[in-house]
Amino acid sequence: MSTPAETVVAEQTTTQDRLVHRLTHFLQYHWRTLVLLVPFLWLLLFFLAPFFFVLKISLAEYTLKSPPYTDLIQWADEGVMQIRIVVDNFAYLWDDDLYVNTYLSSVKISTISTILCLLIGYPMAYAIVRSNHTTKHILLMLVILPFWTSFLLRVYAWMGLLNDQGLINDILTGMGFEPLRMMYTHFAVYVGIVYTYVPFMILPLYANMEKLDWTLLEAAADLGAKPMTTFFTVTLPMTLPGIIAGSLLVFIPATGEYVIPDLLGGGNVLMIGRVLYNEFHQNIDWPVASAVAIALLLVLVIPMMLYQHIQAKEVESQ
Amino acid sequence: MSQQIDYNDRPWLDPDAEPFIKVQSVSKHFGDFTAVDSVDLEIYKGELFCLLGGSGCGKTTLLRMLAGFETPSSGSILIDGINMTDVPPYERPVNMMFQSYALFPHMTVENNVAYGLKRDGVAKMEIAQRVEEMLAMVELTQFRKRKPHQLSGGQRQRVALARALIKQPKMLLLDEPLAALDKRLREQTQYELMNLQEKLGVTFVVVTHDQEEAMTLSTRIAVMDVGRFQQIGTPTEIYEFPNSRLVANFIGNANMFEGRVSENGTDHVVVESKDPACNFYIDHGMSIQEGSKVWVAVRPEKIKISKQPPGETSTNSIKGMVGDIGYLGGTSTYRVLIGDQRIVEITSPNLNRPKDGNPPIDWDEEVYLSWEPSSPVVLTK
Ligand SMILES: Nc1ncnc2c1ncn2[C@@H]1O[C@H](COP(=O)(O)OP(=O)(O)OP(=O)(O)O)[C@@H](O)[C@H]1O
Ligand SMILES: [Mg+2]
């Protein structure tokens, strides 16, 4: 026979045991969920919440108050809740040639920059992968090295090089040539973007090529493929995932780039980042600025979703 | 034994026969390391030639020089009379089957096989037809639309073979073609490979480190050791007449006895061994200076084991005690102790079923070992 006190103790331990058991059980079966929860919360907090905030503002109207937009939810006199959604901002973007042209110009500049980055980055990644162990690490370090100084500082350095009285023109005039107008041109913007984003092309390509089975290239040569043919029939298809990853990493931030077109392009280069800045800080039209941002997101997300869709189909067909 | 080349028509015995491949004093250095050391080799049309040797002895390097992936540091390589030493791989009439198969993962079986023909600019219709035939030959027709990762190891091996053979090369190089297959499949594929080779008449050069595979497949074997050939010959020659202790030990098993030549007759030699004390009377005479140090190798299956003493016990016979018996069903392997230390291995067929379940020769029994005068091989190195 056990005394009542003993029974209580026994019961306590069993409930404790059960709790521990349940917890371990939970951890055993749900640790994946827990691990995923962290990035999920991060995205929720720092991407989705601001996104909906901006979306909300883009659907409001400009008014003279602080903050300068109308509320989404308004209370009419009889205590009736009204939701006011205004799509005028988007219509305005669509109607005004300035915005459409700016989007087109941004996409064009970042497309050309992406192609330039690919043309420069691909051979570099290839050379790095094929070099011997020690050189490889030195070269990789050199690719990453620019990140150790401030991005802004590096853009200013380019200004110093490209200016009308900059280093390059000094050298040119010193040698008796006419000075070149480089600053505040598309050329300067391309130089800035390609210079800044080329490492984002090289690194995913490097990671992809590092896994490449080089005997495949020998097999192609053995079957009669000249080096060029081997490149187009084997190397290129095998490195396509790296090319796509690198291109997205360059294209997406380059499209929304603000600092480079502002500092190196001046007023001559139309890019969406600058328009956004102007709407927000000079016109203080938050709703239109938000609409610009949302439209930019669509411009970027739609091609990505298309790509995903195509890839998923390809995987299915295999 | 394979039948690629008729027994009476062995080109390597014909002094007028022109070899198909001539490797002339070829060396390959990697830095200050010598992977292949001044090698000479002649391979004839229609041969299935095996390069056999331990790991790292330079087999792959030699094969890659034949394919054109490595340039020899010195020497020259002639294929069908043309100097190919500096010709790039894509211009050689030679195809290779890679050890890892190196199938293109982004292409279907069909496109993998067609790859070589497309590079030669063969007409579409002809490509389709030849791919069809080739896939039928290696029994892969139903897998034509699959990608390599959707195939089994054996199927991948056949794709690699088909891809290499479709260009009808003058010579096919195979680097350990069967190494990735399991034992049963390997044995089956060996015969398929031989049949295919016979049917197509293509010269095969096969790298392997599996001596049984080399014995089964080849017309001739080159036994390689650290960058050099130890011996080149038919499987029988290599097994029955090894030219060194290394070859004797590498191909099959051999009991090795150290001794001195005590008699050098016209048709025989006698070798006197100290450990175990025994005289070897060997009747296939090679002439060796009396008193010189030699080794005598006797294959385990060429030694008779019995409980009764043979007629004459001073030569070609020793007495010992059974230390260990490995029963393999068809044969048994006896490890017989001579004195305290020395072990001699004998394999003997189990011809009769033991009546009462007791083996004819049991552990710890005293036995006599004897052999024919033709069985031992005298080795000088
Ligand atoms: N590119 C290279 N650089 C330096 N050394 C090399 C190179 N390729 C091969 N070697 C060396 O040459 C030697 C012979 O190599 P090889 O690949 O020909 O051996 P193998 O006989 O094919 O061996 P395995 O049976 O293990 O495949 C090895 O010691 C190897 O380390
Ligand atoms: Mg090898």
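The values are calculated or read from the model by the stated rules, or taken from the named source; none is laboratory data. A quick note: this is a predicted structure, and the numbers were derived from the prediction, not measured. Here Cβ is always computed from backbone atoms with ideal geometry, including for glycine, and neighbour counts include all displayed protein chains. For accessibility, only protein heavy atoms count, side chains too; no ligands or nucleic acids. Shrake-Rupley method; radii C 1.70, N 1.55, O 1.52, S 1.80 Å.
Observations on the model:
- Close amide H partners of B:Val367, meaning residues 5 or more places away or on another chain with modelled amide H under 5 Å apart, are B:Gly320, B:Met321, B:Val322.
- GNM top mover of A:Met305, A:Met201, A:Met182 - chain A, alpha-carbon springs below 10 Å: A:Met305
- Positive dipole terminus of the stretch B:247-377, leading residue within B:Ile305, B:Thr347, B:Ser273 (C-beta point charges): B:Thr347
- Amide proton proximity set for B:Lys45, modelled H, under 5 Å, gap of 5+: B:Phe20
- Under the criterion of Cα pairs below 8 Å and six or more residues apart, the relative contact order for the stretch B:95-176 equals 55 percent.
- Residues within the reach of a label modelled at B:Asp40 (point 7 angstrom out along Cα to beta-carbon, backbone nitrogen below 16 Å), restricted to the stretch B:56-75, are B:75.
- A simple spin-label model places pseudo-atoms 7 Å from Cα toward Cβ; at A:Thr15 and B:Asn249 they are separated by 7.6 nm.
- GNM flexibility winner over chain A from A:Tyr156, A:Tyr184, A:Tyr29 (Cα, springs under 10 Å): A:Tyr29
- Size descriptors for the protein assembly as shown, from the alpha-carbon set: Rg then Dmax equal 39.5, 132 Å.
- As a calculated quantity, the FRET efficiency between B:Phe33 and B:Ala277 at R0 = 41 Å, using C-beta atoms, amounts to about 0.35.
- Put a plus charge on the Cβ of each Lys and Arg, a minus charge on the Cβ of each Asp and Glu, and nothing anywhere else: the dipole of the stretch B:253-379 about its Cα centre is then about 240 debye.
- Take each peptide in B:295-301, A:160-166, A:35-41, count the other Cβ atoms within 10 Å of every residue, and average; sorted highest first, the result is B:295-301, A:160-166, A:35-41.
- Calculated mean residue ellipticity at 222 nm for chain B: -6500 deg cm²/dmol, from DSSP H runs with n ≥ 4 weighted as -39500 (n - 2.57), summed, divided by the residue count and rounded to 500.
- Positive-end residue, chain A charge dipole about Cα centroid, Cβ charges, pick of A:Leu223, A:Gly79, A:Gly242: A:Leu223
- Acute angle (nearest 10 degrees) that the helix B:109-119 long axis makes with the longest principal axis of chain B, alpha-carbon atoms: 70
- DSSP-defined beta bridges in the protein assembly as shown - what % are antiparallel, rounded to 5: 75
- Average beta carbon contacts from partner chains per residue of A:234-240, 10 Å cutoff: 2
- Efficiency of FRET between A:Ile244 and B:Glu198 - r from beta-carbon atoms, R0 41 angstrom, step 0.05: 0.30
- Crossing angle, helix B:124-137 versus chain B [Cα axis fit, 0-90 degrees, rounded to tens]: 20
- The stretch B:132-202-the stretch A:169-195 distance, computed between alpha-carbon centres (Å): 60
- A straight line joining the Cα centroids of the stretch A:252-318 and the stretch B:302-381 runs 87 Å.
- Under 5 Å between amide hydrogens, built in the peptide plane, is the criterion, and for B:Ser262 it picks out B:Val270, B:Val271, B:Glu272, B:Gly291 among residues at least 5 positions away or on other chains.
- Most mobile listed residue (B:Asp356, B:Asp210, B:Asp267) in chain B, GNM with C-alpha springs under 10 Å: B:Asp356
- Mean Cβ count within 10 Å, highest first, over the residues of peptides B:270-277, B:106-113: B:106-113, B:270-277
- Computed as a quarter of the hull surface, the mean projected area of the alpha carbon convex hull for chain B stands at 24.3 nm².
- Within the assembled protein chains, the solvent-accessible surface assigned to B:Met194 is about 20 Å², based on a 1.4 Å probe.
- If you plug the beta carbon distance of A:Ser150 and A:Tyr258 into 1/(1 + (r/R0)^6) with R0 = 22 Å, you get a FRET efficiency near 0.90.
- One Cα centroid belongs to the stretch B:72-124, the other to the stretch A:10-49; the line between them spans 57 Å.
- The label-point distance for A:Val35 and B:Gln289, in a model that sets each label 7 Å from Cα toward Cβ, rounds to 7.3 nm.
- Applied to the stretch A:119-125, the Karplus parametrisation 6.51 cos²θ - 1.76 cosθ + 1.60 on θ = phi - 60° returns per-residue 3J(HN,Hα) values of 5, 7, x, 4, x, 5, 4 Hz, with x for Gly and Pro.
- Equivalent-ellipsoid semi-axes of the stretch A:88-317, from the Cα gyration tensor, Å, largest first: 35, 27, 15
- Placing a pseudo-label 7 Å from each Cα along the Cα-to-Cβ vector at B:Asp340 and A:Asp213 gives an inter-label distance of 5.7 nm.
- In degrees, nearest ten, helix B:183-200 long axis to first principal axis of chain B (Cα): 60
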